[in-house]
Amino acid sequence: MKKIDVTEAIFEIKKAKGLSWETIAEAVGMSDVWVTSACLGMNSCPEDVADKLVSFLGLPAEAKSVLMEYPTKTWDQAIPQDPLVYRLYEIVGVYGDTLKEVIQEKFGDGIMSAIDFSMEVDKEENPKGDRVILTMNGKFLPYNAW
């Protein structure tokens with residue numbers, strides 16, 4: 001099996017069983033954002049999490065090693081067409097330099113880690129329309145001088 005095969009199998013099982021990412025995440029003891037990313041092939045699962053995913057979803061045994069493989073994190077460099085993904089792309093395009101300036105003013109010359117990182121997606125009920133709350137939490141990594 002390849003990562004795409006496991007991802008497709010997960011989507012089929014998820015749909016057939018009427019599961020949510022939150023339900024799957026609870027079953028394996030991880031966050032819904034991280035589990036979804038791992039199921040999409042963008043993170044590697046520790047062995048115990050891979051075991052739990054295979055068992056809970058009823059995946060073939062060979063899916064375990066695929067879920068544990070280190071990913072190559074690449075994505076299409078074209079502008080995304082999906083409206084939700086495009087809006088996130090637009091946010092980085094419009095506010096990316098602003099975030100860089102503010103982060104570096106507060107922390108110094110460096111970056112926010114995407115390795116020592118967590119993210120949450122929450123919903124805020126609002127009479128003017130429900131709100132999406134994205135919380136990204138990454139360790140600050142200063143650039144070294146030598």
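The values are calculated or read from the model by the stated rules, or taken from the named source; none is laboratory data. A quick note: this is a predicted structure, and the numbers were derived from the prediction, not measured. No Cβ is skipped: glycine too gets one built from the backbone with ideal geometry, and neighbour counts run over all protein chains shown.
Could you list, in sequence order, the residues of the range 1-41 that are of a type in the set (A, V, I, L, M) and not in a helix (DSSP H, G or I)? Across the range 1-41, the qualifying residues are MET1, LEU19, MET30, LEU40. With respect to (1) of a type in the set (Phe, Trp, Tyr); (2) surrounded by 15 or more Cβ atoms within 10 Å (Cβ to Cβ); (3) modelled with pLDDT under 95, the lone exception for PHE56 is condition (3).
Among LYS106, LYS73, which is the only one that is under 30 Å from ASP48 (Cα atoms), at pLDDT below 95 and either surrounded by fewer than 13 Cβ atoms within 10 Å (Cβ to Cβ) or touching a Pro at 6+ places or on another chain (Cβ under 6 Å) (or both)?
Details: LYS106 fails: under 30 Å from ASP48 (Cα atoms).
Exactly one of LYS106, LYS73 is under 30 Å from ASP48 (Cα atoms), at pLDDT below 95 and either surrounded by fewer than 13 Cβ atoms within 10 Å (Cβ to Cβ) or touching a Pro at 6+ places or on another chain (Cβ under 6 Å) (or both), namely LYS73.
Checking PRO46, PRO83, PRO127 one by one, the residue that is without any contact (Cβ under 8 Å) to a residue 40 or more places away in the chain, touching a helix residue (DSSP H, G or I) at 6+ places or on another chain (Cβ under 8 Å) and either farther than 18 Å from ASP5 by Cβ or among the small types (Gly, Ala, Ser) (or both) is PRO46 and no other. Given the condition surrounded by 12 or more Cβ atoms within 10 Å (Cβ to Cβ) and either over 30 Å from PRO142 (Cβ atoms) or touching a strand residue (DSSP E or B) at 6+ places or on another chain (Cβ under 6 Å) (or both), answer yes or no: does some residue in the range 89-102 qualify? Looking for residues that are surrounded by 12 or more Cβ atoms within 10 Å (Cβ to Cβ) and either over 30 Å from PRO142 (Cβ atoms) or touching a strand residue (DSSP E or B) at 6+ places or on another chain (Cβ under 6 Å) (or both), one finds none in the range 89-102, hence no.
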